[in-house]
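See structure below.
The values are calculated or read from the model by the stated rules, or taken from the named source; none is laboratory data. Just so you know, these numbers come straight off a predicted model, no measurement behind them. Here the Cβ positions follow ideal geometry from the backbone for every residue, glycine too, while neighbour counts run over all protein chains shown. Remember, those area values only see protein heavy atoms, side chains included, never the ligands or the DNA or RNA. Shrake-Rupley method; radii C 1.70, N 1.55, O 1.52, S 1.80 Å.
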Amino acid sequence: MTPCPAHSEWPRLLDGVVEERRAQHLRAHATGCPPCARRLARAAALLDALARPAVEPDPARVARLMAHLDAANPPRPVLVPRLAIAAAAMALAVVAWVGLRPDPGTFTPRGSSAGWPSKVHAELRVLSDVAHPVAADAGLSSSTAITVWYRNVETSRDLFVLAYLLDGVGEAHWVAPAWPEARQGAPVASRLPRAEGVALFEESFVPESPAPGRGQLVAVICPEPRSTGVVEAAPPPRRGDAEALFPGCVVWRQPIVVLP
């Protein structure tokens, strides 16, 4: 006969933190094992009792819960640590619920493991009265003001942004970092400010005499300050392939037409 599962597995099953294959095994075992079926029912009743809102701590209720726990789990690991039950006298609903969750050392809150690429976005927008999104293959005149429109909710590290317009002959006109055409050298990416909602860079940019023809708007977010020289050193036909030029970075691209 299959050994009975540990007592601690029944509340974990009810709490939905057991892997699905194990959960199916536990439910099947409880169907054919009356003692485990009773343990599962007791765990369900206890969870229901703990879930009921309590306006203020009730010492008698805590004592009853402790008695149920001691009766259900004699010498084996208890369902809720005694320390958690003692603390429940001060904050019963919250502390008891935490006590039934997985070990705090291994429990990961939903969303906290998301990597930085899912927390950021940057693109180039046309700036007039507001920042207008640029449609694919839209025509942009040489006097169009452009700015960086972004979101950044990553708080554990600094991130950096490169943004540029590629004109009809593949020449890069830099929006971020701000780089006048006459300046020598190859500056590195600008630090991307943190912003809970969407935000705009403080300054806008008007490209200097961009060559007409098919071009691109490009924005790249990297975890380290990459140099503009990565783009400048690439052959013009490859300067728009930002995914290849900046592996491991978040890339936004939009094809445009630079008007004469």
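Observations
- Within region 142-164, the set of residues being in contact with a strand residue (DSSP E or B) (Cβ under 8 Å, 6 or more places away or on another chain) and either open to solvent by 10 Å² or more (accessible area, probe 1.4 Å) or among the aromatic types (F, W, Y) (or both) comprises S142, T144, A145, W149, Y150, R151, V153, D158, F160, Y164.
- First in region 14-26 and closer than 22 Å to L46 by Cα, second anywhere and among the β-branched types (V, I, T), Cβ under 7 Å, 6 or more apart: L26/V18
- Filter result for the condition that a residue is in a strand (DSSP E or B) and in contact with a strand residue (DSSP E or B) (Cβ under 8 Å, 6 or more places away or on another chain), over G168, G240, G248, G215: G215
- Of all residues in region 219-236, those that are of a type in the set (D, E, K, R) and either part of a loop (DSSP other than H, G, I, E, B) or on the phi > 0 side of the Ramachandran plot (or both) total 2.
Here's the yes/no breakdown for (1) at pLDDT 95 or above; (2) within 19 Å of P133 (Cβ to Cβ):
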site: F205; (1), (2): no, yes
site: S209; (1), (2): no, no
site: T228; (1), (2): no, no
site: P236; (1), (2): no, no
site: L245; (1), (2): yes, no
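- Any chance E232 is open to solvent by 10 Å² or more (accessible area, probe 1.4 Å) and free of Cβ contacts under 8 Å to residues at least 24 places away in the same chain: no
- For region 182-191, the count of residues that are over 25 Å from S143 (Cα atoms) and crowded, with 19+ Cβ neighbours inside 10 Å is zero.
- Residue satisfying all of: in region 128-141; open to solvent by less than 70 Å² (accessible area, probe 1.4 Å) and in a loop (DSSP other than H, G, I, E, B); farthest from E203 (Cα to Cα) among these: A136
- Being of a type in the set (K, R) and at pLDDT below 90 is a property that does not hold for R151.
- Scanning region 46-62 for residues that are open to solvent by less than 80 Å² (accessible area, probe 1.4 Å), modelled with pLDDT of 80 or more and small (G, A, S) turns up nothing.
- When residues of region 142-165 are limited to those that are β-branched (V, I, T) and not in a strand (DSSP E or B), the one nearest to E232 (Cα to Cα): T144
- Residue within region 195-208 that is touching a residue at least 12 places away in the same chain (Cβ under 8 Å), touching a helix residue (DSSP H, G or I) at 6+ places or on another chain (Cβ under 8 Å) and surrounded by fewer than 19 Cβ atoms within 10 Å (Cβ to Cβ) present: no
- Top-ranked residue in region 9-38 [being in contact with a Cys (Cβ under 8 Å, 6 or more places away or on another chain) and assigned to a helix (DSSP H, G or I); ranked as surrounded by the fewest Cβ atoms within 10 Å (Cβ to Cβ)]: P35
- Any hit, region 104-112, residues being in a loop (DSSP other than H, G, I, E, B), at pLDDT 90 or above and either out of contact with any Cys (no Cβ under 9 Å at 6 or more places or on another chain) or farther than 23 Å from L259 by Cβ (or both): no
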